[in-house]
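Worksheet: one structure, shown below.
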Amino acid sequence: MTIFQFIKMLGGLALFLYGMQVLGDGLKAASSGKLEKLLEKLTSNKLRAALLGTAVTAVIQSSGATVVMVVGLVNSGIMTLNQSVGVTLGANVGTTVTAWLLSMTMISGDNVLVALIKPENFSPILALIGVAILMMSKKDKTRHVATIMVGFGILMIGMTTMSGAFSSLADDPNFTGLMTAFSDNPMLGLMAGLLITVVLQSSSASIGVLQSISMSGTLTFGAMLPALMGANIGSAVTGLLGAIGAKRPAQRAAWLQMIYCLIKAIVFMAAFYILNAFVHFSFMDDITDPVRIAIFHTVFNVVALLVFLPGSDYLVKMVEKIIPVLPAEKEEMRKIPILDEHFLNTPGFALEQARTATNEMAEATQTALFTAMDLIWDYKEEAADKVDRLEKNVDEYEDQLDSYLVKLSRKTMTDKESHELSILLHSINDFERMTDHALNVMQHAQELHNKNLTFSAKACDDMNIYGGAVKEIVSMAVTAFTGNDLNLARQIEPLEIVIDGIDMEEKRRHVRRLRKGKCTVEAGFILQDITTDYERIADHCSNIAVDMLQVNEDGFDTHEYLEREKKADTPEFEAEIRKYEDKYALPKLKKDDDIQTNAVDKYVKPKTPKDKKAGKPEKKAKEQNK
C-alpha cells in the first residue's frame with residue numbers, strides 16, 4: 001500500500017463522516033414529525049422492520065449503507081434504538097442478494113441494471129441533483145430533501161473512495177491468498193475474512209472475492225467457511241465508522257449490529273466445529289463455487305434472523321450494558337407508562353392518568369422556561385442541553401397525550417369528565433408551544449454567548465423586570481392548572497395585560513436606545529426576538545387560564561371570553577391590573593418621562609369618546625405647566 005493510497009483512504013473517511021453529518025441534519029430538518037410516524041408504522045412490528053431492512057439493502061446492495069442510514073436516523077432522533085433492531089438484522093439478509101447477483105452474472109459486473117443500482121454509481125448523480133436543487137430552490141422543504149440527497153451522495157462517495165484506495169489489493173494474489181491460507185485454523189481464517197472486509201469496506205466485495213476465487217476450482221468449503229464468517233462480522237465496521245462523533249443512541253445502533261454479527265458467527269462456528277470434531281463432515285474438502293457460496297450465505301443469515309429476531313430485546317440490553325443509558329437520556333427517551341391503552345376501557349381512570357401526565361408536562365415546561373431565561377444572564381452549556389432535552393421531552397408528551405386523549409374522547413363520559421378532557425386537549429398544545437419559545441430563548445442566549453454580545457445597562461434593567469413578570473405568570477399558570485385553582489386562574493389575565501404593556505413600552509425604549517447608539521444593532525435584534533418570545537409565552541399562559549374558566553362555565557370561545565372580561569371593567573379586575581403594573585413598572589427614563597404612559601389606560605381599556613374629551617384639558621394643563 002503506497003502513501004498515496006493511504007492519503008486517498010483518509011480523504012474518503014473525511015467525506016464519509018461529513019456526509020453522515022449532512023444526511024442526519026437533512027433528515028432531522030425534513031422530518032417535521034411525519035417521518036417518525038411513517039417509520040413508527042413500518043418498524044412497529046419486528047418482522048416488518050426486518051423486511052424493511054432486507055428490502056432497502058437488497059436495493060442499494062450494501063448492508064453497511066443501510067446501517068449507516070439507521071445510525072443517522074437514530075442520531076437525528078427520528079428512530080429509536082428498539083425500532084432500529086429489526087432493520088439492522090434484516091440488512092444482513094438483504095446483503096445476500098448481491099452474492100446471488102454476482103453468482104448469476106458470474107461476477108461480470110457489466111450488467112447495466114446491476115451497475116445502476118449500486119450506490120457508488122448513482123450517488124454522484126444524486127449529489128449533483130441535490131446541489132442543483134439547493135442552488136435554485138427557495139422552499140425550505142425542497143431544500144431539506146436536497147440536503148438529504150447531498151448528504152447521502154457525499155457519504156457514498158466517501159465510502160467508494162475508501163474502497164477504491166484498496167481496490168488494487170482485491171486482485172493481488174498475496175492479498176486474496178489470505179482467504180485460504182488459514183483453512184486449517186478457523187479462527188485465523190475468520191480474522192483474515194474480517195480484516196479484508198474492513199479494508200474493502202464491503203462484505204459484498206469480500207464475498208465477491210471469495211466467489212471469484214471459487215471459480216478457479218481451488219477453494220474448498222472448509223477454507224471458505226471461516227472467511228465468510230469474518231466477512232459477516234466485518235460488515236458491521238462501516239456502521240461503527242458512521243457512529244463516530246454521533247450521539248450515544250446512534251452509537252448503540254452501530255454496536256448492536258456488531259454484537260449481533262459477532263454472536264451469530266461465534267455461536268455458529270463453535271457449534272459447527274464441535275460437531276465436525278465428532279462427525280467429520282465429508283463436504284469440508286469439497287470444492288465450492290459462486291452459487292454454493294450464495295446459498296450458504298443466504299441460509300446462514302436467514303436462519304440467524306429467525307433465531308435472534310424474537311429475542312432481539314436481549315441484544316438491546318447487551319448494547320446498553322456496553323454504552324449505558326445516562327440519566328439525561330432516560331429523561332429524553334422516556335415513554336409515558338401511565339398512558340396505557342388498556343385503561344381506556346375505564347374512561348375515568350384513563351382521564352386521571354392523562355391529567356397526571358399533563359401535570360408532569362406542565363412542570364417540565366416551567367423548568368425549561370426558567371432555565372432558558374436564566375441563560376441570558378449566565379450561559380452554561382449544561383443548562384442549554386437541559387433546555388433542549390426538556391423541549392424534546394415535552395414534544396413527546398404532547399404527541400402521546402394528543403393521541404391518547406383523542407382515543408379517550410370516543411368513550412362514553414360524564415359531563416365533568418368531558419370538560420376535563422377539553423381542558424387537557426387545549427392545554428397540551430399551549431405547554432408544547434411554550435417549550436418551543438423556551439428553546440428560542442436558549443438559542444438567543446447561546447448566540448449572545450458565542451458572539452460575546454451584551455445588552456446596555458438600561459436594557460438589562462428592563463429585561464430583568466420583564467423576565468420577572470413572565471416567570472410569575474408562568475408559575476401562576478402551571479400552579480393553577482396542576483391544582484385546578486380557578487381563583488388563581490382569574491388573576492392571570494390582568495398580569496398578561498400588563499405584560500403586553502411592558503412589551504410595547506420596551507420595544508419603544510429599544511428604538512430610542514438604538515437611535516442614541518446605546519445598543520448595537522446585532523444585540524438589538526436578539527433583544528427584540530426575546531421580548532417577542534416573552535410576550536407569546538404570556539399569551540399561552542392566558543390561553544390556559546381562559547380554557548379552565550371557560551370550560552367551567554360550559555363555553556369554549558377564548559376571544560369572546562376575553563372581550564367580555566375587558567368590557568366588564570370590574571373594580572377587582574382593574575385593581576389586579578394596577579397591582580401588577582406597580583409591581584413590574586419599568587425604571588423611569590431620565591428624559592421624556594411623559595412618553596411613558598400608563599399600561600392600563602393605553603393598552604387595556606379602549607378610551608371612549610367621553611374619555612378622550614376629558615383627557616384633552618388635562619394634557620393641555622400639563623403642557624401649560626411646562
Give the carbon-plus-sulfur fraction of the accessible surface of the stretch 374-420 in %, rounded to a whole number; probe 1.4 Å, heavy atoms of protein chains only.
42
Using the Kirkwood formula on the Cα atoms of the stretch 445-500, what hydrodynamic radius do you get, in angstrom to one decimal?
13.1
Is the shape of the stretch 363-439 best called rounded, prolate or oblate, per the rule: a/c under 1.5 gives rounded, else a/b larger than b/c gives prolate, else oblate, with a ≥ b ≥ c the square roots of the Cα gyration tensor eigenvalues?
prolate
Keeping all protein chains in the complex and leaving out DNA, RNA and ligands, what accessible area do you get for PHE343 with a 1.4 Å probe, in Å² to the nearest 10?
60
Multiply the residue separation of THR298 and LEU10 by 0.36 nm, subtract the distance between their alpha-carbon atoms, and state the gained length in nm to one decimal.
100.4 nm
Here the equivalent ellipsoid of the stretch 411-519, derived from its Cα gyration tensor, has semi-axes (largest first, whole Å) of 37, 17, 11
Three-way shape label, the stretch 341-488, alpha-carbon gyration tensor, a/c 1.5:
prolate
THR482 accessible area, nearest 10 Å², 1.4 Å probe?
50
Between ILE274 and GLU382, the two model label points (7 Å from Cα along the beta-carbon direction) sit apart by a distance in nm of 4.9
Run the numbers for VAL521 and ILE3: contour at 0.36 nm per residue of separation, minus the present Cα-Cα distance, in nm.
181.3 nm
Compute the accessible area per residue over the stretch 453-539, keeping the other protein chains in place, probe 1.4 Å, unit Å².
38
For PRO310, the net charge from surrounding residues (Cβ-Cβ under 15 Å; K, R +1; D, E -1) works out to +3
Take THR412, project a point 7 Å from its Cα along the Cβ direction, then tell me which residues of the stretch 341-380 have their backbone nitrogen under 20 Å from it.
342-352
Counting only residues 5 or more apart in sequence or on a different chain, those whose built amide H sits under 5 Å from that of LEU309 are none
VAL441 accessible area, 1.4 Å probe, all protein chains in place, Å² to nearest 10
0
Net lengthening on full extension, MET136/LEU453 (0.36 nm per residue, minus Cα-Cα):
110.7 nm
Could you give the radius of gyration (one decimal) and Dmax (whole number) of the Cα atoms in the stretch 245-379, in Å?
25.2, 77
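The values are calculated or read from the model by the stated rules, or taken from the named source; none is laboratory data. In this text the structure is predicted, and so the values were computed from the model without any measurement. As a convention, Cβ positions derive from the backbone with ideal geometry for all residues, glycine included, and neighbour counts pool all protein chains shown. For accessibility, only protein heavy atoms count, side chains too; no ligands or nucleic acids. Shrake-Rupley method; radii C 1.70, N 1.55, O 1.52, S 1.80 Å.
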